[in-house]
1. Criterion first (at pLDDT 95 or above and over 27 Å from B:LEU483 (Cβ atoms)) does B:ALA45 satisfy it?
2. Scanning for something over 17 Å from the mean Cα position of the chain (by Cα), over 30 Å from B:LEU34 (Cα atoms), away from chain A (no Cβ under 14 Å) and modelled with pLDDT of 95 or more, does region B:229-251 turn up at least one residue?
3. Condition first: out of contact with any strand residue (DSSP E or B) (no Cβ under 7 Å at 6 or more places or on another chain), facing chain B (nearest Cβ under 7 Å), surrounded by 14 or more Cβ atoms within 10 Å (Cβ to Cβ) and modelled with pLDDT of 90 or more. Can you find one or more residues in region A:1-18 that meet it?
4. Under 24 Å from the mean Cα position of the chain (by Cα), buried (at least 23 other Cβ atoms within 10 Å of the Cβ), among the aliphatic types (A, V, I, L, M) and over 20 Å from B:LEU243 (Cα atoms): does that describe B:ALA162?
5. I need the full set of residues from region B:293-331 which are at the interface with another protein chain (Cβ under 8 Å from one of its Cβ atoms) and either in contact with a Cys (Cβ under 9 Å, 6 or more places away or on another chain) or not in a helix (DSSP H, G or I) (or both), in order please.
6. Look at B:ALA33 and say whether it is without any contact (Cβ under 8 Å) to a residue 60 or more places away in the chain, more than 29 Å from B:SER468 (Cα to Cα) and away from chain A (no Cβ under 14 Å).
7. Pull out all pairs, ordered by first then second residue, where Cβ-Cβ is under 9 Å, the residues are six or more apart or on different chains, the first lies in region B:501-524 and is more than 8 Å from chain A (Cβ to nearest Cβ) and at positive phi, and the second is part of a loop (DSSP other than H, G, I, E, B) and surrounded by 20 or more Cβ atoms within 10 Å (Cβ to Cβ).
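The values are calculated or read from the model by the stated rules, or taken from the named source; none is laboratory data. Everything numeric here is computed off the predicted structure, so don't read it as measured data. Using ideal geometry, Cβ is built from the backbone for each residue, glycine included, and neighbour counts are taken over all protein chains shown.
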Amino acid sequence: MVPTMSGENTVREIGHDEFDPKGTLVLILVYFGVLSVMWVFMYFVEFLGNDLTVLV
Amino acid sequence: MSEQLESGAPTFLDKFPDEAAVVRAALWSSFIALALGAVFGLIQALHRTDVLRLIDSTDYYTVLTAHGVLMVVSFTIFFLVGLFTWATVRSFDRGVESIRYTWTWYGLMVAGTLMAVVAILGGFVPQTDISADVLFTFYAPMQAHPLFYGGLAIFVIGTWLAGADYIWTWRAWAAENPDERIPLQGFMVLTTMLMWYVATIGIAIAVVAFLLPWSLGLFDQINPLLTRTLFWFWGHPVVYFWLMPAYLLWYTVLPTIAGGRLFSDPLGRVVFVLFLLLSTPVGIHHQYVDPGIAEGFKTIAMTNTMFLLLPSLLTAFTVVASVEHGARQRGGTGLLGWLRALPWRNPAFTGMMLAGLMFAAGGFSGMINAGMNINYLVHNTIWVPGHFHLTVGTAVALTLMAATYWLWPQLTNRRLYSRPIGLAQVVIWFVGMGLMSNAMHVQGLFGIPRRTAEPQYEGFDFVASFGSVSELNLQLAIGGTLLFISTMLFVTNIALSAGTPKLSGIGQPLSEPLSTVDDSPEILDNLKLWFGIALVLVVLAYALPLASIIDRGGLLGPGVDPVPMIVEPVAATIEPTLGRLAAAVGSVVP
């Protein structure tokens with residue numbers, strides 16, 4: 001790849017060591033939160049929303 | 001994108017005009033398939049919800065097959081070869097070795113597509129016995145006209161030759177640069193094509209050894225479970241074949257558009273290696289309810305599938321971190337306030353971000369599909385199309401369309417016809433898919449089947465836990481209509497871009513990663529090693545199930561009659577002829 005292209009809207013260059021993706025961590029934690037809630041919800045949909053399954 | 005485009009740098013077209021012509025041709029083939037596929041998609045959405053029935057329900061499977069094949073074979077794969085040609089030539093910074101060879105594989109892919117499409121559309125013409133109403137999942141006992149299988153075979157051979165073209169370029173580059181690491185885009189192209197070579201073993205055997213001779217009448221019967229299993233051997237990794245172009249764009253183009261740099265080149269490489277290794281030995285998870293495959297094999301496939309979440313979650317982190325880097329370079333601050341600093345008015349950026357957001361939702365429904373016990377709840381319901389319209393239908397399709405807004409000026413030296421229309425288009429897609437996919441998922445939970453022209457039955461009603469089935473149908477129909485409008489806006493915008501004036505110096509160089517390839521071990525670039533391990537994993541996952549299927553049913557199966565999808569038209573032609581004949585005979589014979 002060619003060297004860094006600074007876009008016109010770049011107000012500051014942030015290098016590897018200065019960048020700490022905390023916002024990404026927050027978004028990923030929110031996503032895992034949503035996934036966990038959906039899994040719990042799925043339990044209700046599958047097991048409590050239906051009759052018992054008879055295993056023969 | 002005009003203000004960002006005039007960088008003074010040469011475009012891809014300036015540097016490689018011959019290759020740019022191939023890329024444009026491949027992309028146009030893709031867009032034509034997309035537009036046709038969207039017409040069939042609209043007919044389907046309005047038909048099954050009983051909003052508007054333009055066709056006879058017996059033609060529904062012709063429409064469904066055309067929609068499926070045009071979208072997930074033609075649209076996605078033509079775009080892939082166009083994008084991969086661009087990425088290979090750009091990243092190795094050298095033209096292809098033989099442009100005639102490149103046009104040859106493109107020509108083969110076009111010829112194969114035309115054959116398959118003629119076979120499918122023949123289903124609308126009762127006067128002919130050509131038909132292929134076998135859906136995208138074209139395994140036995142459904143039988144298509146030989147033209148369909150022949151077309152598919154030629155198309156796949158075209159993709160193999162395309163892969164060889166990329167490898168050829170890489171080897172030529174490597175001979176001149178023996179100590180260099182493979183550039184990231186080149187690496188992504190090569191690992192994806194190696195995965196494709198592994199995956200297509202299944203479909204090549206299924207089509208060439210069984211389905212084609214069977215449809216030609218050389219065999220009376222084949223083993224349906226064997227062809228189903230060989231289909232899914234390919235049918236799951238093909239979803240990653242659709243997805244990898246989107247990943248390539250998220251990793252290598254999106255950070256630049258966001259104003260930042262890719263967070264980590266090595267993580268990108270790890271992700272593509274994981275897809276090469278894990279994409280194929282999972283296909284049996286599509287066959288959880290198939291009798292004839294032991295539960296143990298299904299459990300192994302489920303475990304492998306869950307491992308596949310890893311590269312996608314790695315991607316979620318790397319791509320979002322790269323975008324955050326862009327936002328912070330643009331002056332964004334705060335834990336989430338940086339999101340406001342992003343270029344949301346740029347359709348390429350917004351489209352790719354919305355596609356990624358929907359992929360996150362698709363990740364959840366994918367986990368439900370992959371779980372063996374919960375899968376039984378949604379298997380063969382419309383939940384499943386709801387899922388894959390989030391993944392291939394949005395994560396892939398919307399990314400490819402959005403990226404075109406960025407890529408097209410690089411291939412034509414012309415500005416996009418309208419940026420605001422582009423922005424509206426990606427947002428309409430997102431809203432339309434939100435409605436349609438939500439309705440499909442919820443209907444699936446109520447047990448409403450997929451692949452059904454008239455999912456309504458006498459004396460039986462689907463019970464909705466909340467809302468009503470008619471509300472969901474309306475949601476589905478409105479969503480489908482919005483998606484159709486969005487597709488037309490996209491194709492028209494690109495077509496009209498041909499009328500904008502030629503510009504020069506609008507090249508957009510891609511930014512360098514924050515963590516470069518030098519931070520990764522060289523073994524990552526050992527493609528022979530990863531290819532070898534991928535083959536071993538496939539043998540481990542498939543040898544015993546296939547042996548057991550063949551052992552029980554034989555290669556040519558336990559005798560299931562074919563269900564030729566040409567019976568209807570033949571009957572329709574023969575019956576009136578016989579009627580006329582009988583009338584003629586009746587008038588002569590007293």
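1. Numbers: at pLDDT 95 or above: yes; over 27 Å from B:LEU483 (Cβ atoms): no.
So B:ALA45 does not fit the description; no.
2. No, region B:229-251 has no match at all.
3. Yes, there is a match, as at least one residue in region A:1-18 is out of contact with any strand residue (DSSP E or B) (no Cβ under 7 Å at 6 or more places or on another chain), facing chain B (nearest Cβ under 7 Å), surrounded by 14 or more Cβ atoms within 10 Å (Cβ to Cβ) and modelled with pLDDT of 90 or more.
4. Working: under 24 Å from the mean Cα position of the chain (by Cα): yes; buried (at least 23 other Cβ atoms within 10 Å of the Cβ): yes; among the aliphatic types (A, V, I, L, M): yes; over 20 Å from B:LEU243 (Cα atoms): no.
No.
5. Scanning region B:293-331 gives B:ARG330, B:GLY331.
6. no
7. From region B:501-524, the pairs are B:GLY505/B:THR11.
For every residue, the table says whether it meets (1) out of contact with any helix residue (DSSP H, G or I) (no Cβ under 8 Å at 6 or more places or on another chain); (2) crowded, with 20+ Cβ neighbours inside 10 Å; (3) of a type in the set (Gly, Ala, Ser).
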position	(1), (2), (3)
B:ASP18	no, no, no
B:ALA26	no, yes, yes
B:PHE31	no, yes, no
B:VAL39	no, no, no
B:THR49	no, yes, no
B:LEU52	no, no, no
B:SER57	no, no, yes
B:THR76	no, yes, no
B:THR85	no, yes, no
